[in-house]
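Remarks on the structure that follows.
The values are calculated or read from the model by the stated rules, or taken from the named source; none is laboratory data. Given the structure is predicted, the values throughout are model-derived calculations rather than measurements. No Cβ is skipped: glycine too gets one built from the backbone with ideal geometry, and neighbour counts run over all protein chains shown. Remember, those area values only see protein heavy atoms, side chains included, never the ligands or the DNA or RNA. Shrake-Rupley method; radii C 1.70, N 1.55, O 1.52, S 1.80 Å.
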Amino acid sequence: MTFKEHFEKYSWDQVKEDIYSKTGSDVEKALRSHKRTLEDFKALVSPAALPYLEPMAQLSHQLTQRRFGKTIQMYIPLYLSNECTNICTYCGFSLDNKVKRKTLTENEILREISVIKKLGYDHVLLVTGEANQTVHVDYFKKVLHLIRPYFAQISMEIQPLDQDEYEAIIPLGVNSVLVYQETYHQEDYKKHHPKGKKSNFNYRLETPDRLGRAGIHKMGLGVLIGLEDWRMDSFFTAMHLNYLERTYWQTRYSLSFPRLRPFSGGLEPKVEMSDKELVQLICAYRIMNEEVEISLSTRESEKFRNHCIALGITSISAGSKTNPGGYAAEPGSLEQFEISDERSPAEIAAMIKSKGYEPVWKDWDRAM
Ligand code: SF4
């Protein structure tokens, strides 16, 4: 059995009706509860929870501090390639976007690494599009051999792979793999992914199962906020997380909530999410799940990221470039999306310290 069978028992419209009919007393019950259910999560992300933002933030803060202490992990993305055979309506690397395509060579990767290391990083997130002819498992193997000596922790945000392919690369130093469903709304998913392997909704939906079976140490889930109503998409993410934690209990999990950002090609969000609602969502996940790591990228504004440090997040990126070669090899190439917080890693680390938290550049080592 995979998540797909669980997912198929639910109807988007029924979940929507449930969430939008929650009341203040449902929210109060969720806040009081010691063993929260997915029904409680529906209440916490409902419009009825907005007046309870202050108690939600306080509880989220306490739970995060109890489990993670006053620490924030630092990571940086390294874009290896913008080649992509998919059309995704929200992405600057989409096949139908006429931009110069680039996959970094080993020398170029080393140049990128030298800049990233000088910034202080020991955690790197490797990012690619989906171009199976050039950016394939053998390419990943070469890259992992090349960069492994430089980083304590390597995460990957790459195209979904088969289980045996994950089994081939995980032992080469991959600590975590991020695979975002983008939206759990199956019909809208088709509209946003009209061409390429990514248009297969079910293959993507079952990717975390393949990762779990392959024995990944940590996996990251999430949706692209703005494609659909974030409340239902967040519920399905929470349900997916619940299922995975029960099924692959030795794996750790992280969540991310990227909001649609401007990019070359320009899709407007179908559903806007306010800063207040993003705070609500961060708190709802934390109150629901004390173990999950929550990350916030440079897509979010300076002011918002400053405000969120103590709320429930556990990792943050800084100084990010979203184009292959962006740090040294080809700084002028097209970005996947515009970043919002342009502060340097040193400035972000100083901001974290000013809030009484410790920026963590390395919290994991292969020897552990
Ligand atoms: S989101 Fe990923 S798969 Fe889609 S076009 Fe962009 S890089 Fe390619």
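Annotations for the structure displayed:
- 222 nm mean residue ellipticity, helices alone, for the chain (DSSP H n ≥ 4; -39,500 (n - 2.57); rounded to 500): -11500 deg cm²/dmol
- Charge tally around residue 165: other residues with Cβ under 11 Å, Lys/Arg +1 each, Asp/Glu -1 each, net -2.
- Accessible surface of the chain, 1.4 Å probe: 50 percent of it comes from carbon and sulfur atoms.
- Positive dipole terminus of the chain, leading residue within 361, 214, 176 (C-beta point charges): 361
- Here, the stretch 194-277 has an Rg and a Dmax of 14.5, 40 Å when only alpha carbons are counted.
- Calculated on alpha-carbon atoms, Rg and Dmax of the chain in Å: 19.6, 60
- Net charge of neighbours whose Cβ lies under 10 Å from the Cβ of residue 319, counting Lys and Arg as +1 and Asp and Glu as -1: -1
- Links that overshoot a 18 Å alpha carbon limit, given the list 16/42; 98/195; 141/198; 321/355; 191/321: 141/198; 321/355; 191/321
- Calculated over the stretch 55-206: convex hull of Cα atoms, volume per residue (Å³): 158 Å³
- Length-normalised contact order for the stretch 63-161 - Cα pairs under 8 Å, 6+ apart - percent: 33 percent
- Residue 62-residue 200 FRET efficiency (beta carbon distance; Förster radius 51 Å; 0.05 resolution): 0.75
- Annotation: cysteines of the chain without a disulfide-compatible partner (Cβ-Cβ under 4.7 angstrom) are 84, 283, 308.
- Using only the C-alpha atoms, the convex hull of the stretch 59-99 corresponds to 133 Å³ per residue.
- Between helix 275-288 and the chain: long-axis angle, C-alpha atoms, 0 to 90°, nearest 10: 80 degrees
- Look at the alpha carbon pairs under 8 Å that are at least 6 residues apart: their mean separation over the length of the chain gives a relative contact order of 25 percent.
- Angle between the chain longest axis and helix 106-118 axis [Cα atoms, degrees, rounded to 10]: 60 degrees
- Bridge type composition, the chain - antiparallel percent by DSSP, nearest 5: 5 percent
- Remark: the chain carries a charge dipole of roughly 620 debye about the Cα centre, counting +1 on each Lys and Arg Cβ and -1 on each Asp and Glu Cβ.
- The GluC sites (Glu not before Pro) found in the stretch 187-289 that occupy coil by DSSP, while having at most 12 further C-beta atoms within 10 Å, are 272.
- Convex hull (Cα only) mean projected area of the stretch 1-119, reported in nm² to one decimal: 13.3 nm²
- Stretch in the chain that is longest and holds no trypsin sites (Lys or Arg not before Pro) that DSSP places in a loop and that have at most 15 other beta carbons within 10 Å: 101-269
- For a straight C-alpha distance cut-off of 18 angstrom, the lysines reachable from residue 353 (same-chain residues fewer than eight places away being disregarded) are 70, 303, 362.
- The magnitude of the dipole of the stretch 6-161, with charges of +1 and -1 set on the Cβ of Lys/Arg and Asp/Glu and taken from the Cα centre, is near 580 debye.
- Kirkwood hydrodynamic radius (C-alpha pairs) into Stokes-Einstein, the stretch 232-331, 4 °C and 1.567 mPa s, D in µm²/s: 84 µm²/s
- Taking all protein chains into account, the per residue accessible area for the chain stands at 41 Å² (1.4 Å probe).
- FRET efficiency estimate (nearest 0.05) - Cβ-Cβ, residue 54 to residue 150, R0 56 angstrom: 0.80
- Student exercise, the stretch 78-165 dipole from Lys, Arg, Asp, Glu Cβ charges, in Debye to nearest 20: 480 debye
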